[in-house]
Structures are given as C-alpha cells and as structure tokens.
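The structure appears below as structure tokens.
Just so you know, all these numbers are worked out from the coordinates, no wet-lab data involved. This is a predicted model, so every value here is computed, not measured. Positions of Cβ are generated from backbone atoms using ideal geometry, with glycine treated the same way; all protein chains shown enter the neighbour counts.
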Amino acid sequence: MKAPNSLLAVLALSSIAIIPGCGTGEASIADDAELRAATPVPVEVTMPVRDDIFATYLATSTIESDADAPVLARVPGEVMEILVEEGDHVQAGQVLARLDGERLRLEMLSARADYERASKDLDRYDDLAARGLVSEAMYDGLRFDVDALRARYDLAKLNYDYSKIRATISGIVSSRDIKLGQSIESNSVAFRITDTSKLVAYLQIPQSELAKFASGHSASLQVDSMPGMEFSAIIARISPTIDTRNGTFRATAIIDNAVNLVPGMFARFTIAYEKHEHALLIPGDAVVEEDDEASVYVVADGAVELRIVETGIKSGNQVEILSGLADDEQIVVVGHSGLRDGSKVLASNRSADSLTG
C-alpha cells in the first residue's frame, strides 16, 4: 500500500518540474502586458470652460511720474518762513514758503499812490475835456500816464505777491532745496513737486510687434516691492516712429495710482492686445505637444482617446481650443506619462478653479 503513494508523490513532483521548461516564461510576459493594459491608470480629469481670454505681451520698464515740476523763486529775497516739508501733499497755488517782501511791499504802495493821484487828476480833467477847455493832446497824455502808472502798480503788486513761493502743481513735495534764513536769487529752485496720482511707464517694444498694439489696450503690472499684488494700466500712446538704435517703438502706459506706487519702481507689464470672448479654455497641463501637433487625452467609458486639437491664444495656464474638443468632454490633466491611445483609466475630478492656477 505504500508503493503507490510514493509513485504518486514522484509523479506530482515531476509534473511541477516540467512546467517551467514548456514555454511558460513567454506566456507569463504576455500575461503581464495584458494585465497592465487591463489595469486602469489613475489620472486627474477636468472639463473645458467658456471664458474670455487675452493674447498678452510681456515688457518691463521703470515707473515715472507724469507730472514733476520744480518750484522756482520768482524774486530774490531772504527765506523768512517754510510752511511745508518733503512728503507733504500740496495743492496748486498753495503757499510753500515766504520771502522777506518788505521792500517789494513798499514799492507796491508807492506805485499805488502814484496811480491813485494820477487817476484823480484825470477825473478832474474829464469835465474840462468834455467842454473843450483842454486840448485833446493834453487829455490823451494824461490818460496814457494813468494807464502806465496802473501797469507799474500791477507789476509791483505782482512782485510783492511773488515773495510768497507757491506750488505750481498739485502733488507731493519730493524735495525742499531752501533753508530758513537763506538768501536766494530769482529763478532759484526752492522745491520740487511730484504728482504721483498718475504714473507713466515707457515700454520699448520690438518693431515686429507694432501691428499688435493700439491706444486703449489694457495692461497689468507687478512690482517686486509689493509681491502678489497686481495693478492696472492702459496704453495711452503709441509712438509712430522706430528707434533706429535698437529697432523698438515706444508705448506709453498710464497707471492710475490708487495704492501709492512710487516713481522709480521697476515693473513687469502684461499687455493684453487681443481678446477672444467666450472661448473654449483648458489647462495648459492637459495639452500634449509632439511633432508640432497639440493633442489631449479625452476620457470616455473608462478609457482615453488621444485627440489632435487646434489651439489658439495661450495666457498663463490657459489654452484656447479652436477645434477638436467639445464643451462636455472630459480631458486628462495629470497622468499622461502612463497613457497611450485606448488606455484604461481610473479618473478623479480636478476642481475647475485649477484652470487659472
């Protein structure tokens, strides 16, 4: 009874040993490939959205003030009083400092007295001239004298008013160039005023881009000193000439400064020169570039189809799709590397907010 059991054991071991030698290795490789093909690849998917998109151009420049003016002393004199300091906001016509104007005041009073005396003399001659009791030449001479004295008085009055140094424009006092007690000459720079409410930047753009730009295009800018913040601007002017030294043209951007940007800051500008409304948009991560063709993996019934698409404007992480994709089709955003046309996938949805991220 023991021999048959031993024989069965030997035969069982023999059958196990024979299996690896009968081409089983090749069958295993084929089974692995089939297994991988049948195993779903985990991917993240999203759907296209409809929104406006802009074609943009990037440029850099230094921000400048659109209005920056020195304030000059109109008359010589000693600085008796300084009413503002650097950083103060001032209005056009506001008195910034006073000079010693006593001499000018006395000259004004003397001129006014001469004018008033001559005016009274002329009044007395009005009646005589009307009755023909004085010659016309004499009467005209008196009138001319009164006019000349009036002009001299007005000039003296103006010079006296010039002893008050006034702001020529509204803005911020960016520098004070006089000191208390200092004697200054006429046309000396007393202050400098900078209007920071409206700033400008002059963008030098290659002439090959000239046809894309026009006055009125919107722009945004960022500065290093305020990371994460974005400010708006508008292209106000386009120079019609090309700078032969570097082959560029100048575009002037006007910045409405509501957050106290400072002249001299270096800024990076993004200029929107073309707008497509209600465009079909997908994340740039979803596009597969190969052999100068753009494709996306479209998910349907648990598998993917590699679909060639025509792209349009690209802005940030957004890509416009002109053809090849419908609004209601799902596309792969993450997981392309393990895919081929027809691959099975295990899809999880990505938030639509990531399209602009």
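Brief remarks on what is shown
- Condition met for residue 160 (hydroxyl-bearing (Ser, Thr, Tyr), in contact with a Gly (Cβ under 9 Å, 6 or more places away or on another chain) and part of a helix (DSSP H, G or I)): yes
- Test: residue in region 247-261 that is surrounded by 12 or more Cβ atoms within 10 Å (Cβ to Cβ), part of a strand (DSSP E or B) and in contact with a helix residue (DSSP H, G or I) (Cβ under 6 Å, 6 or more places away or on another chain): yes
- When the residues of region 167-224 are filtered to those that are in a loop (DSSP other than H, G, I, E, B) and on the phi > 0 side of the Ramachandran plot, the one that is surrounded by the most Cβ atoms within 10 Å (Cβ to Cβ) is 187.
- Each residue in region 110-144 was checked for being among the aliphatic types (A, V, I, L, M), within 60 Å of the chain's Cα centre (by Cα) and surrounded by 14 or more Cβ atoms within 10 Å (Cβ to Cβ), and 1 pass.
- Residue selected from region 107-126 under the condition among the hydroxyl-bearing types (Ser, Thr, Tyr) and in contact with a Leu (Cβ under 9 Å, 6 or more places away or on another chain), by the criterion farthest from residue 146 (Cα to Cα): 125
- Residues of region 309-353 classified as within 23 Å of residue 278 (Cβ to Cβ), surrounded by fewer than 18 Cβ atoms within 10 Å (Cβ to Cβ) and more than 34 Å from the chain's Cα centre (by Cα), total: 4
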